[in-house]
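A.B. asks: Got a structure for you, questions after.
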Amino acid sequence: MNPHAVFLLIRPTRGSATITGLQIVASSVTALLAFAVTMLAFAFWNAPTDEIGYQVLAFGLVALLVVPLITLGTATARLAARSRDDRLATLRLLGVTARRVRRIAVAEVTVVAAIGVLIGTVCAAGLPYALSLLSIHGEPLQSSELWLPWWLMVTLPPALVIIAALSALLGLRRVVLSPLGVRTRQDAPKMSWFRVVVAVIVVGAGVLVTQLMSPGWGVVVMLAALTAVVLAVMAVLGIVGPFIVALVSRRVAARTSDPARLVAARGIQDDPGAAWRSVSTLALATFILIPAASLLGYLDTISRSVSREVMTPDQLLMFADARTMLLVLVAVSFIVVACQIAITQTAGVLENRELYVALDRIGMPRAGVNRMRRLRVTTSANIAVIGAAIASVAVTFFIVAVAVVVAPLFTAAIIVVLLLGLLLIRAGVAVTTPVLGRVLAAPERGE
């Protein structure tokens with residue numbers, strides 16, 4: 001195989017260059033947020049107090065945010081790999097072996113991700129000064145306290161790059177790299193009700209564990225049990241989410257007469273897993289936000305009542321720091337959601353340009369096409385928020401019920417924040433409208 005021909009096929013073109021730029025930005029954001037979360041976790045862990053709650057906050061911050069950050073990294077790498085399917089298939093038809101094609105794809109994605117991680121790592125050098133605006137245990141953070149150990153500074157960037165490389169391999173798993181079938185993609189996987197059965201069992205077990213939990217278990221055991229429940233429910237959301245999305249879209253497609261809604265529903269059915277992944281971070285943020293904010297509302301009510309007299313100063317300061325952690329959690333989650341939506345929508349327009357050009361040629365108005373794109377995302381987002389909220393309330397019913405009674409303002413704040421998250425989803429679609437305009441303005445152009 002002529003190396004020059006290989007270069008011509010894998011070199012960035014106008015469409016793929018946009019996705020490459022998005023991958024670099026997303027990888028930079030992922031690295032920057034990973035460093036920020038790790039620095040804050042170290043600050044909580046090393047707080048000048050014997051209150052064990054600070055170690056719990058540090059552990060919770062890392063455990064709860066590692067999933068959204070990995071989700072963003074994997075989504076970016078997967079989309080980058082899938083956007084090159086056609087050119088990789090052409091290489092296979094020209095005689096390049098399947099193994100070599102996969103190596104080329106993974107190497108390309110890994111190099112681009114490494115560039116983004118490097119940029120994010122360099123930008124992370126300014127994080128200690130930015131985070132010093134926060135305070136922990138009643139004292140402002142010092143930038144010198146936020147620098148990470150050298151071994152962590154060295155190992156964190158390669159770990160992010162490795163995640164991107166593994167995600168690229170997963171992104172190519174549905175591409176058939178045989179001489180006659182390289183351009184054939186498999187249909188959306190069949191989804192059975194067994195996913196719902198698994199979800200009900202896991203959520204039920206989580207409810208049972210939280211109901212049986214008592215101080216007699218000890219702090220370490222309680223923390224381990226809560227972590228196991230949270231991670232199990234997070235995992236089951238990823239299992240049952242695509243099934244619910246596919247089920248709802250199928251029913252919408254069968255009953256609607258609205259062209260935009262019909263095309264959106266059919267698009268979701270083509271790949272419900274991808275539709276769910278684009279909003280999975282919002283589901284995780286919802287699942288975490290409801291019990292965390294409810295607990296903070298309950299604790300805030302106690303700290304402002306006569307009961308505060310039986311609390312130690314360390315405990316009162318810890319409640320304030322817990323609010324800081326929740327704000328960080330929500331902010332990072334929404335930043336991840338915004339980046340993920342921008343990436344998936346831009347890549348979706350470039351990958352499905354034939355569909356949008358065809359809709360434009362048959363006379364669908366530009367506003368109708370944009371509405372179809374918006375419905376395709378908001379349908380999945382609404383399901384993610386509602387489903388995650390139901391699971392969260394089921395697992396932590398007692399905490400949420402008490403907070404509704406004693407801290408209604410915190411409950412109202414939860415609703416407002418979730419509505420802002422849904423608006424952020426719509427904004428992410430609107431931001432990519434110019435990309436659609438460029439595609440429709442030149443429908444005769446191929447990649």
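The values are calculated or read from the model by the stated rules, or taken from the named source; none is laboratory data. In this text, all values refer to a predicted model and were calculated from it rather than measured experimentally. A quick note on method: Cβ atoms are made from the backbone with ideal geometry, for glycine too, and the neighbour counts reach across all protein chains shown. Side chains included, ligands, DNA and RNA excluded: accessible areas come from the protein's heavy atoms. Shrake-Rupley method; radii C 1.70, N 1.55, O 1.52, S 1.80 Å.
A.B. asks: Using a 1.4 angstrom probe with every protein chain in place, what is the largest-first accessible-area order of L316, L355? Display every interim value, and only then the final one.
C.D. replies: Numbers: L316 45, L355 65 Å².
Of L316, L355, the descending order of accessible area is L355, L316.
A.B. asks: For region 369-447, which trypsin sites (Lys or Arg not before Pro) are both in a DSSP coil and crowded by at most 15 other Cβ atoms within 10 Å?
C.D. replies: On the way: sites: R371, R373, R374, R376, R426, R438, R445; in loops: R445.
Loop-located and lightly packed - R445.
A.B. asks: Could you calculate the contour length gain from I362 to W193, that is, 0.36 nm times the residue separation minus the distance between their Cα atoms, to one decimal place in nm? Intermediate results must be reported in sequence, preceding the final value.
C.D. replies: On the way: separation 169, 0.36 × 169 = 60.84 nm, distance 3.76 nm.
Roughly 57.1 nm would be gained on extension.
A.B. asks: Using Cα centres only, tell me the gap between region 397-424 and region 130-167 in whole Å.
C.D. replies: About 30 Å separates the Cα centre of region 397-424 from the one of region 130-167.
A.B. asks: For region 97-173, which whole-number percentage of the solvent-accessible area (1.4 Å probe, protein heavy atoms only) is attributable to carbon and sulfur atoms? Please list the in-between numbers first.
C.D. replies: Working: 3030 of 4220 Å².
Carbon with sulfur: 72 percent of the solvent-accessible area.
A.B. asks: Quote the accessible area belonging to I415 in square angstrom, nearest 10, computed with a 1.4 Å probe and with ligands, DNA and RNA left uncounted.
C.D. replies: Looks like 100 Å² after rounding.
A.B. asks: Less than 10 Å Cβ to Cβ from A430, Lys/Arg counted +1 and Asp/Glu -1: what total charge do the surrounding residues give? List each step's numbers first, then the result.
C.D. replies: Working: positive: R373, R374, R426; negative: none.
Cβ neighbours under 10 Å give a net charge of +3.
A.B. asks: Could you work out the relative contact order of region 265-386? I mean the mean sequence separation of Cα pairs under 8 Å and 6+ apart, divided by the number of residues, in percent.
C.D. replies: Details: 54 pairs, mean separation 61.8, N = 122.
Rounded, it is 51 percent for region 265-386.
A.B. asks: With θ set to phi - 60°, apply the Karplus curve 6.51 cos²θ - 1.76 cosθ + 1.60 along region 96-103 and write out the HN-Hα couplings as whole Hz, x wherever there is a Gly or Pro.
C.D. replies: 6, 5, 4, 4, 5, 4, 5, 4
A.B. asks: Continuing with this model, one more query. Can you compute the charge dipole magnitude of region 272-397 about its Cα centre, using +1 on each Lys and Arg Cβ and -1 on each Asp and Glu Cβ, nothing else charged? Give it in debye, rounded to the nearest 20.
C.D. replies: On the way: 11 positive and 7 negative charges, 128 e Å.
In debye, rounded to 20, region 272-397 gives about 620.
A.B. asks: Can I ask one more? V200 to V405: extension gain in nm, 0.36 nm per residue of separation minus the Cα-Cα distance?
C.D. replies: Numbers: separation 205, 0.36 × 205 = 73.80 nm, distance 2.76 nm.
Once the chain is fully extended between V200 and V405, it gains 71.0 nm.
A.B. asks: List the residues whose amide H sits under 5 Å from the amide H of S135, counting only those 5 or more places along or on another chain, with H placed 1.01 Å from N in the peptide plane.
C.D. replies: Here the answer is L141, since their amide H atoms fall under 5 Å of that of S135.
A.B. asks: Please list 3J(HN,Hα) in residue order for region 34-44, calculated via the Karplus relation 6.51 cos²θ - 1.76 cosθ + 1.60 where θ = phi - 60°; whole Hz, with x for glycine and proline.
C.D. replies: 4, 5, 4, 5, 5, 5, 5, 4, 5, 5, 5
A.B. asks: In the neighborhood of L131, defined by Cβ-to-Cβ distances under 14 Å, what is the net charge if each Lys or Arg adds +1 and each Asp or Glu adds -1? Don't jump to the answer; show the numbers that get you there.
C.D. replies: Values: positive: none; negative: E139, E145, D321.
Once positives and negatives cancel, what remains is -3.
A.B. asks: Provide the solvent-accessible area of M364, counting protein heavy atoms only and rolling a 1.4 Å probe, rounded to the nearest 10 Å².
C.D. replies: 30 Å²
A.B. asks: Here's a follow-up. So if we plug the beta-carbon distance of T433 and D50 into 1/(1 + (r/R0)^6) with R0 = 45 Å, what FRET efficiency do we get, rounded to 0.05?
C.D. replies: Numbers: r = 54 Å, r/R0 = 1.21.
FRET efficiency, T433 to D50: 0.25.
A.B. asks: Quick one: plug the Kirkwood hydrodynamic radius of region 333-437 (C-alpha pairs) into Stokes-Einstein at 4 °C, 1.567 mPa s, and report D in µm²/s. Spell out each step's value before the answer.
C.D. replies: Numbers: Rh = 15.7 Å.
Translational D for this selection: 82 µm²/s.
A.B. asks: Something else now. Can you tell me the order of 391-401, 329-339 when each peptide is scored by its average per-residue count of other Cβ atoms within 10 angstrom, highest first? Write down the numbers at each step before the final one.
C.D. replies: Working: 391-401: 19.0, 329-339: 20.7.
The packing order, highest mean first, is 329-339, 391-401.
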